[in-house]
Amino acid sequence: LPAQLGEVDLQQKHDPPRRPLGVFGGEKPLQIVIYLETFSPLQREATDFLVVIAEPVSRPSHLHEYRVTASSLYTAVSIGMTPSSVIHTLNKLSKVHVPVA
């Protein structure tokens, strides 16, 4: 993932309503904010993925917020996820195309 995701022009996919994740650049370098729509049919898969790669920030009933940080990615790698698998899954579930650094 690019260090400054907020500076990248993220292109929306052709089918965003089917995808549960909104991906945005955070306030700090190497920080990415992800919003999860809990009403999505892919919510369970997305939640299982997010608890591995991100830290929960807020989890009200319909929209959960997570932050991907250097520390959370280190944890994901330590349990066997590869950078390419993280990017692949993010792109599968995201409403926008997530660029590769």
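Points to keep in mind about this one:
- Yes/no for L90 being in a helix (DSSP H, G or I), under 21 Å from K13 (Cα atoms), touching a residue at least 60 places away in the same chain (Cβ under 8 Å) and not hydroxyl-bearing (S, T, Y): yes
- Filtered residue count, segment 38-56, keeping only those that are among the charged types (D, E, K, R) and closer than 17 Å to R67 by Cβ: 1
- Residue selected from segment 17-42 under the condition among the charged types (D, E, K, R) and modelled with pLDDT under 85, by the criterion least open to solvent (accessible area, probe 1.4 Å): K28
- Subset of segment 46-87 [open to solvent by 60 Å² or more (accessible area, probe 1.4 Å), in a helix (DSSP H, G or I) and among the polar types (S, T, N, Q)]: S71, T75, S78, S84
- In segment 39-60 there is at least one residue that is small (G, A, S), touching an Asp or Glu at 6+ places or on another chain (Cβ under 9 Å), free of Cβ contacts under 8 Å to residues at least 60 places away in the same chain and within 13 Å of L21 (Cβ to Cβ).
The values are calculated or read from the model by the stated rules, or taken from the named source; none is laboratory data. This structure is a prediction, so every number in the text was calculated from the model and none was measured. Methodologically, a virtual Cβ is constructed for each residue, glycine included, from the backbone with ideal geometry; neighbour enumeration extends over all protein chains shown. Accessible surface is based on the protein model in full, side chains and every heavy atom, while ligands, DNA and RNA are left aside. Shrake-Rupley method; radii C 1.70, N 1.55, O 1.52, S 1.80 Å.
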